[in-house]
Amino acid sequence: MKAISLDGIMAPFAEGHTVMDCALAANIPIPHLCYLPRCVPHGSCRLCTVKIDGRFASACTQPAMEGQHVEIDTEELRQLRLSLLRMLFVEGNHYCPSCEKSGSCRLQKAAYDEGMLDLHYRPWYPKREMDASHPDILIDRDRCIFCELCVKASRDVDGKNIFGISGRGTDTRLVVNSKSGLLADTDISAQDRAVEVCPVGAILVKGLGFEIPIGKRLYD
Amino acid sequence: MASAAEHADLLIERMGSNPLQVLIAIQKAFNHVPGDAICRIASALDLPLSRILGDVEFYGFLSREPLGVYSVLMSDSITDWMLGSRELFLRLCGNLGVSPGVTRSDGLATVGKTSCTGMCDQGPALLVNGIAVANLTGDRIDAISRLMEKKIPLVAWPDEYFHVESNIRRRGWLFQDWEGAIFEGEALLQEMTDAGLRGRGGAGFPTAKKWASCRDAPGSERYVVCNADEGEPGTFKDRVLLQHCAGRLFEGMALCARIVRAKKGFLYVRGEYRYLEAHLENLLAARRDTDFEIELHWGAGAYICGEESALLESIEGKRGIPRVRPPFPVTHGLHGMPTVVDNVETFCAASAIAAGGGREFRSLGTAGSHGTKLLSVSGDCSRPGIYEYPFGVSVDQILEDCGAGNALAVQVGGAAGTCLDASEFGRKVCFEDLPTSGSVMVFDRTRNMQEAALNFSRFFARESCGFCTPCRVGTEILAQTMERISEGRGTGEDIFEIGNLGNILKASHCGLGQSAARAVRDMLKKFPEHFEGTVK
């Protein structure tokens, strides 16, 4: 069987597998946010960046190839991941202490895992539109990290195609497929995979906030 | 007048199903894209609303808010700055009594900025309702302001305002009068291989190999796409080739189409070159090749669409987000089908080889870079314009020929390229040393390279597609850092941070982000004295 080297550990792979697939199968962690198994990867968060034969690549999109030497847990890559996380924090408004996703947030978890203790960059404090129109679901765009998991889940799993990404550069934004642009005018439901899949507190189910006490949440 | 939604119906009937082209036409007719038009296009084409809205909010020349009857975009390239564009911009705003980017209350005008418009050899330049006006002076700005105040339609403005000079300063192998084609099919591929033709966009992939890979890839359809979306600041050779050699270009695309068995081709032209529309449409209408149709596809103000996979997304009517590669376009290109994407200069060179054989081409250039290269020379020189040289020409030679006697620095390859100081002027333009799509910008000894660093960093932040974290956030932090330094508020920490950002940006999804800090870091390293005085 073909194999690649992940930080010196040989991991087997089958045709069509990515570096991320190999790492997951071999139980070698590669931090990631926009990647989700069984969802077509696109490599936007870049948190899973590894170094393959001297070049950066996102593990989730890079096809595994015989003879690859993949670096994951190096000082250079730890610094890179830290910087990327800081960037995600400063471009949005991520106030963990008051966020109801705290403790179950993958961005927060990744930041803890990577030892992020400060923002380093000057925060942007963006003012993005909130959508509280739907009786059961809230969109807080200040916390969106543009992972597009909701876009894919709604389209490919829920079959509703409710979300999309619009804009460019720092004006990139999550939009809703309804004439009004509001979530209330869609057939989304709180049980949709698109809601559950949000790694941060951008898409929240109303009425459940702080239901689980601190200390008992997913990543506590 | 029909409503925008009704107009959209008509346009779809007439222009087909490409949302981006329909949106460009709506923008032209209504000075913006109203919400009802967005809804109508989405439902008529059976696409999600977010796809159409996404386009409007992605492409710089489309707008959801009504713009003025006259929509002016001042070219904001570093070479425009060097020719006084920032002062002229303020003068225009002052004349018209508008704030940048805010439409005048009576709806007469909107004045904003755009990235390089490809008129660097005759700047400063602007676009008015999408049409280029070059050679701007204070007087010309005042005259334009008066024409707008009097509501004189563009067609009644003096012709000279819209005159674009070609400025071909040095002709070589490519600019000969090539006619017909002696070589076709396999023979042409062999001739191109023997000639050593490599892509002229900068990456230098062997062209015959690309065409053969496309031909051999499985697929029910195949496409030939010409990338004429040259947006790299300082490059304008495609503009001149489209003006003078479009026939050769179409011939090159058709020769490729016969090899790969494509029935359909696209010429993707940047929106900044809209003034060439009638010229190109006439030439296309005169083509008599019924087996291979070429369609014009207009860009709409997005540098990133020059990246080949983003360009394909754009032809498919989507936001120009670069695709995950592999797979590459030769196997999975337009609509997932095998596609050849080549640069204007590459198709022109291929058709010239078909006409005259590859022997002369092979004899020109260096061991690894055969043939000639068109260079777009601008900045501080007395003869800016197009120079065709055999590969291997030294920067010194270029400077001598273009009349740049007092050069401090030369930026080769545009904002994404390399900044050279005088000690490096012996370096050569070729794939082995300085690979470039052809932008050469000259800075003389009166210049402060900090200005260029500021300009380039702002450029990348404006043009980042926003898809991946390092580029979306990193280019903006880089630009903010350069702005702080320029305003005298920078610190040593900021200088250090620019180095860090350069490393982080290398993890970007595509070449835009990966090269975004390159020139700025070069400038910091080679001209530290231009920065030291301004940081605390």
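Laboratory data are not the source of any read-out in this text; all were calculated from the coordinates shown. All figures in this text were calculated on a predicted structure; none of them were measured in a lab. Cβ atoms come from the backbone with ideal geometry, glycine included; neighbour counts cover every protein chain shown.
Of the peptides B:46-57, B:173-184, B:70-81, the order by per-residue mean of other Cβ atoms within 10 Å, starting with the highest, comes out as B:70-81, B:46-57, B:173-184.
Counted over chain A with a bin width of 5 Å, the fraction of Cα pairs per bin, in whole percents, is 1, 7, 14, 17, 18, 16, 13, 9, 5, 2, 0. Only DSSP H runs of four or more residues enter the estimate; each adds -39500 (n - 2.57), and after division by the residues of chain B the mean residue ellipticity at 222 nm equals -12500 deg cm²/dmol. Relative to the globular-protein estimate of 2.2 N^0.38 Å, the Cα radius of gyration of region B:70-162 stands at 0.97. Backbone amide hydrogens, once placed in the peptide plane, bring A:A3 within less than 5 Å of A:F13, A:G67, excluding anything fewer than 5 places away on its chain.
Our coupling estimate for region A:18-33, obtained by passing each phi through the Karplus curve with A = 6.51, B = -1.76, C = 1.60 and θ = phi - 60°, is 9, 4, 4, 4, 4, 5, 4, 5, 8, 6, 9, x, 10, x, 7, 10 Hz, Gly and Pro reported as x.
When you count the other C-beta atoms within 10 angstrom of each residue and take the mean per peptide, B:260-271, B:523-534 line up highest first as B:260-271, B:523-534.
Filter the cross-link list B:K210/B:K237; A:K152/B:K318; B:K318/B:K428; B:K210/B:K263; B:K113/B:K526; B:K210/B:K264 down to pairs whose alpha-carbon distance in this structure exceeds 28 Å.
B:K318/B:K428; B:K113/B:K526
Inter-label distance, B:T366 to A:A26: 3.9 nm, where each label sits 7 Å from its Cα along the C-beta direction. A simple spin-label model places the labels of B:I131 and B:M15 1.8 nm from each other, with each point 7 Å out along Cα-to-Cβ.
Inter-part distance, region A:11-88 to region B:207-234, computed on C-alpha centroids, equals 29 Å. Once backbone amide H atoms are built at 1.01 Å from N, B:G112 has B:V72, B:L73, B:M74, B:G101 as its partners under 5 Å, excluding neighbours fewer than 5 places away on the same chain. Here A:T74 and B:R171 are evaluated by their C-beta separation; at R0 = 45 Å the FRET efficiency comes out at 0.30.
Ranking of B:I477, A:I162 by neighbouring Cβ atoms within 10 Å, starting from the fewest: A:I162, B:I477.
If you sort the three axes of the alpha carbon gyration tensor as a ≥ b ≥ c, you get a/c under 1.5 for chain B, which makes it rounded.
Give the cross-link partners of B:K525 among the aspartates and glutamates, using a straight C-alpha distance below 12 Å as the criterion and excluding same-chain residues fewer than 8 apart. Correct list for B:K525: B:D421. In plain terms, the residue of B:S437, B:S43 with the fewest other Cβ atoms within 10 Å comes first and the most crowded comes last, giving B:S43, B:S437.
Where does region B:412-489 land on Rg(C-alpha)/(2.2 N^0.38 Å)?
Dividing the Cα radius of gyration by 2.2 N^0.38 Å gives 1.26.
Database remark: amide H of A:V175 closer than 5 angstrom to the amide H of A:G164, A:I165, A:S166 (H placed geometrically; neighbours at sequence offset of 5 or more, or on other chains; Pro and chain starts carry no H). Would you mind getting me the FRET efficiency between B:E277 and A:D220? Use the beta-carbon distance for r and R0 = 51 Å, nearest 0.05. With R0 = 51 Å, the Cβ-Cβ based efficiency is 0.25. Our helix-only sum for chain A, with -39,500 (n - 2.57) per DSSP H run of n ≥ 4 divided by its residues, gives a mean residue ellipticity at 222 nm of -5000 deg cm²/dmol.
Starting from the eigenvalues of the Cα gyration tensor, five times each then square-rooted, give me the equivalent ellipsoid semi-axes of region A:3-73, largest first, whole Å.
17, 13, 11
Directionally averaged projected area (region B:27-106, Cα convex hull): 6.4 nm².
By DSSP, the beta bridges lying fully in the protein assembly as shown are antiparallel in about 60 percent of cases. Potential lengthening of the chain between B:E160 and B:R146 amounts to 3.4 nm, from the contour at 0.36 nm per residue minus the alpha-carbon distance. What the Kirkwood sum gives for region A:95-205 is a hydrodynamic radius of 14.8 Å, with every pair of different alpha carbons counted.
Counted over all Cα-Cα pairs of region B:374-444, pairs farther apart than 21 Å make up 8 percent. Kirkwood-type hydrodynamic radius, region B:147-212: 16.4 Å, calculated from all non-identical alpha-carbon pairs.
Taken residue by residue and averaged, Cβ atoms of other chains lying within 10 Å of the Cβ of B:54-60 number 4. Shape descriptor for region A:165-211: Rg over Rh equals 1.00 (Cα atoms; Rh from the Kirkwood inverse mean 1/r). The order of the peptides B:235-243, A:10-18, B:277-285, A:140-148 by mean Cβ neighbours within 10 Å, most packed first, is B:235-243, A:140-148, A:10-18, B:277-285.
A straight Cα-to-Cα reach below 25 Å connects A:K216 with the lysines A:K101, A:K109, A:K206, residues fewer than 8 places away in its own chain not being considered.
D by Stokes-Einstein for region B:251-340, Kirkwood Rh over Cα pairs, 20 °C, 1.002 mPa s: 154 µm²/s. What does a probe at A:R38 reach in region A:6-30, counting residues whose amide N is under 11 Å from the point 7 Å along Cα→Cβ? Answer for this model: none. Shown is the FRET efficiency for B:E87 and A:D171, computed with R0 = 30 Å from the Cβ-Cβ distance and rounded to the nearest 0.05: 0.60. Computed on region B:185-361, the Cα convex hull volume stands at 110 Å³ per residue. Of B:M15, B:M192, the sequence from fewest to most neighbouring Cβ atoms within 10 angstrom is B:M15, B:M192. What number, in nm² with one decimal, is the all-direction average of the projected area of the convex hull of the alpha-carbon atoms of region B:111-160? Result: a mean projected hull area of 3.6 nm². The Cys residues in chain A with no partner Cys Cβ within less than 4.7 Å of their Cβ are A:C22, A:C39, A:C48, A:C60, A:C96, A:C99, A:C105, A:C144, A:C150, A:C198. Percent of C-alpha pairs per 20 Å bin in the protein assembly as shown, short distances first: 16, 50, 32, 3. Remark: the B:R288-B:K28 segment gains 90.5 nm on full extension, using 0.36 nm per residue and subtracting the alpha carbon distance.
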